[in-house]
Amino acid sequence: MVVADFAFFPIQLRPEMGRQSLYMCAPFPTPVEDGLLIEGNEVLTVDGVMTSLYDREVLALVGGERLALRVKVQGACRISLVHRRADGQEAVYGSAISSRAIRAGKGDGSEGEIQTFDLDFQLMSSEQSFGRWFFRVEPLRSDVKVLSATWLVRSAEVNQIIPAFVICTYKRERQVVANVELLTEALNPAPPSLRTEAPWLLQHLGLVQKIDRGSAAETSDQVDMDDYSILVVDNAQTLPETTFSSPHVRLIKQRNVGGAGGFGRGIYEALEAGCFTHIILLDDDADIDHISILRMLNLLRLNSDPDIFIGGLQFDTYSSCQLADAGAYWTPERFERPIGRLAPSDMGTLEGRDGLARSYNSNFNGWWLFGGAVEGFKKFGMPLPCFVHLDDVEFGARVQLNGGRTVTVPGIAVWHEPYYAKVEGWFAYYNIRNELIRLSAQAPMALAQVSGLPVSVMAKRSSRRVASASKQLRSRFRDFVNSYQYGSAMLLAKAIEDFISGPAVLLDRDAEALHMDVMEAYKESNGNYRTSRTLPPGFIPEAPSRGRKLYRIAQIYSRNGNRSLIPGGRAKANRVTMFQNRRDINWKFMRARQAWGYPDPGSSTYHIYKFDREAYAAVNARFGQAIKKFDAHAREAQANWFNAYPEMTSHEFWRKLVKTF
């Protein structure tokens, strides 16, 4: 239906403490019960990654519709609508003046008079002019209150949607319960009504009838939804059946088949239900922002293209204004070649906000917050059943290769534990194996699009791309053993072996049993790792000086002391090289055979790895055999995985697979 003045992007004026710079510029105004109080000598600039409207992403989803900024104020002020291009050029595109000052103490009500102003505009439509829109409020005579603000579409075709939220969880009972409660509160459910045409849906999903949303122009902290459901897939089976009281929540218990199995199960159930229009995926441990949920749903209502998926930014839960991920382009025909949209940055800075407006190509948005139309999920297929890691990468690259698009929208976000928080650990198996599978399946399609030749022709030629990954695999192994991460090195070898063995690993092997084997292999080779609340005397690593050049050469050829080129064969357990976090870890800055560690960002413990020559000998022998197999059989394995790819991502295969969960 056509809706006038549809408030699709409400602006949060009172963010949490510590996050204000994501919403507005300093100095921050005083929060009051009904809005923000701007003192007469200050100017409020509402320019933040969580409040500004970015041209490129909104244009892709809303089109060239006429938009407006609506601001509700109390007091004499000037409101200015500003556009800032990615290159830093600013221009004022409209302004309004409220001449009625707040006259304190008069008591006749005139001091409380509220005015609402609309400033119309249209999004920029060229790459050169792309940027973001924001606004300023400047008091003219005395204090001013800003009561509300929102971005509007003047006239829009707003589609009715019935979303299914899918949350996969494993032993994170507290976090998932909190997130489900937040979602159900934000979605403002109406009393459930009977649906005689679908009793199964009533019993399991608790759907509700469409309710009156009232004036679409009013901003709200809640979303008056049509029917919706939240599917919680519990891979640990630790949540009691009575955990969720809302009829909108369905708890699905299953064996531990990983995040890919959990999300895949939720997507499968949503598709099988046949009543949903959209599917939205959420991490169980992400800090969800309810305004982001509202904005995402509104953009899904406005966007009619099922080939477009919408995602959100990821902020660092340990440093709330630090961007952790804004999407990336994962090069489909290359091994481990992601190109990030923007490096981890402080989004409270002008440079950070400008950086998000620059030109980029993206085919990946993590499933911390990601969604799209049911028709899109049907068209592009089910997730790769790869247990954990890179399932979202593979899906996003597949979408783009088949004509779809992923749009990561500034202003939609979650706060989540960042990548640097922990070393790769046992994830090394899944990262390497799954990336080799993804490369085998997608390189032929990518190369065919570049060359213009048929995929069948490029399927044979692309095997060289997979075989050439041998160099990166050797480099990965050196990085692991040089930093004494022997468990990860062993799993790298196992990942290569299982890739060479072919698609039966995913098609026929039980995912839970395989994961138990992976964890056992990791444990056996990771005995040199420990956690501690105290540390022996240590030092902060520094870049190598010129005077240590010969030592560095010996360090490289000895695998940082794992081989006997550096004198002294025993581990130096009395000292430890301490890195500030995972991003700083570099084996070149470690002392050979000396333990190293880094602090856990979420606790008061330290992760410590020490030199172990026997562990090195075992993993080196295993990797040597595995890489020989890879060099001999990689091309054959690539063809096998490419041929099995359509089956593994088909709805029919998943129908059989979920019966084993």
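The values are calculated or read from the model by the stated rules, or taken from the named source; none is laboratory data. Please read all numbers here as calculations on a predicted model, not as lab measurements. Every residue, glycine as well, gets a Cβ built from its backbone with ideal geometry; the counts of neighbours run over all protein chains shown. When the accessible area is computed, the model is the full protein with side chains, heavy atoms only, and any ligands, DNA or RNA have been set aside. Shrake-Rupley method; radii C 1.70, N 1.55, O 1.52, S 1.80 Å.
Reachable lysines from Lys378, Cα under 26 Å, same-chain residues fewer than 8 places away excluded?
By straight Cα distance, Lys378 reaches Lys210, Lys253, Lys656, Lys659.
Run the helix sum for the chain: -39,500 (n - 2.57) per DSSP H stretch of 4+ residues, divided by residue count, reported at 222 nm to the nearest 500 deg cm²/dmol. Each step should come with its number before you reach the end.
Numbers: 18 runs with 220 residues, N = 661.
Using -39500 (n - 2.57) per qualifying helix, the result is -10500 deg cm²/dmol.
Could you tell me the extents of the chain's C-alpha atoms along the three principal axes, largest first, rounded to whole Å?
88, 66, 54
What angle, in degrees between 0 and 90 and rounded to the nearest 10, separates the Cα long axis of helix 486-501 from the longest principal axis of the Cα atoms of the chain?
With rounding to tens, the tilt is 90 degrees.
Can you give me the angle between helix 391-401 and the longest principal axis of the chain, using Cα atoms only, in degrees from 0 to 90, rounded to the nearest 10?
The helix 391-401 is inclined about 70 degrees to the chain.
Taking a cut-off of 17 Å between Cα atoms, list the aspartates and glutamates near Lys422, but don't count ones fewer than 8 places away on the same chain.
Within the straight-line limit of under 17 Å, Lys422 reaches these aspartates and glutamates: Asp285, Asp316, Asp325, Asp479, Asp584, Asp600.
For the stretch 436-613, what is the accessible area per residue in Å², given a 1.4 Å probe and the full set of protein chains?
On the way: 8710 Å² over 178 residues.
Per residue, the stretch 436-613 has 49 Å² of solvent-accessible surface.
With the contact rule set at Cα under 8 Å and sequence spacing of 6 or more, what percent relative contact order holds for the stretch 436-613?
Once normalised by length, the contact order is 21 percent.
Tell me, what ³J(HN,Hα) does each residue in the stretch 24-31 have, in order and in whole Hz, if you take phi through Karplus 6.51 cos²θ - 1.76 cosθ + 1.60 with θ = phi - 60° and put x for Gly and Pro?
Coupling constants for the stretch 24-31: 7, 8, 5, x, 7, x, 7, x Hz.
May I ask for the angle, rounded to the nearest 10°, between helix 470-482 and the longest principal axis of the chain, with both axes built from Cα atoms and the value confined to 0 to 90°?
Tilt relative to the chain: about 90 degrees.
Would you mind calculating the relative contact order of the stretch 336-430 from Cα pairs under 8 angstrom and at least 6 residues apart, reporting the percent as a whole number?
Working: 56 pairs, mean separation 26.5, N = 95.
Across the stretch 336-430, relative contact order equals 28 percent.
In whole percent, how big is the carbon plus sulfur part of the accessible area of the stretch 436-613, probe 1.4 Å, protein atoms only? Don't skip to the answer; put the middle values down first.
Numbers: 4530 of 8710 Å².
Carbon and sulfur atoms account for 52 percent of the accessible area of the stretch 436-613.
How far apart, in nm, are two points set 7 Å out from the Cα along the Cα-to-Cβ line at Asn159 and at Tyr93?
According to this spin-label approximation, the distance is 2.5 nm.
Can you list residues from other chains, or at least 5 along the same chain, whose modelled amide H is less than 5 Å from the amide H of Phe315?
When sequence neighbours closer than 5 places are left aside, the close amide H contacts are Ala324, Val414, Trp415, His416.
Stokes-Einstein at 20 °C, 1.002 mPa s, Kirkwood radius from Cα pairs: D for the stretch 552-661 in µm² s⁻¹?
119
Over what distance in Å are the Cα centres of the stretch 41-100 and the stretch 351-410 separated?
29
Provide the FRET efficiency to the nearest 0.05 for the Ala617-Lys588 pair, computing r from the beta carbons and using R0 = 25 Å.
The value I calculate is 0.65.
Return the equivalent ellipsoid semi-axes of the stretch 445-531 as a descending list in whole Å, where each equals the square root of 5 times an eigenvalue of the C-alpha gyration tensor. Can you show the working numbers first?
Values: eigenvalues 209, 69, 14 Å².
Each semi-axis is √(5λ); the values are 32, 19, 8 Å.
I'd like the accessible area for Met490, computed on protein heavy atoms only with a 1.4 Å probe and all protein chains in place. Round to 10 Å², please.
For Met490, solvent-accessible area is about 20 Å².
How high is the relative contact order of the chain? Use alpha-carbon pairs under 8 Å, at least six apart in sequence, and give a whole percent. Can you show the working numbers first?
Numbers: 1402 pairs, mean separation 82.7, N = 661.
It comes to 13 percent, rounded to a whole number.
Excluding residues fewer than 8 places away in the same chain, name every one of the lysines whose C-alpha is closer than 20 Å to that of Lys549.
The reachable lysines, counting only those whose Cα sits under 20 Å from Lys549, are Lys588.
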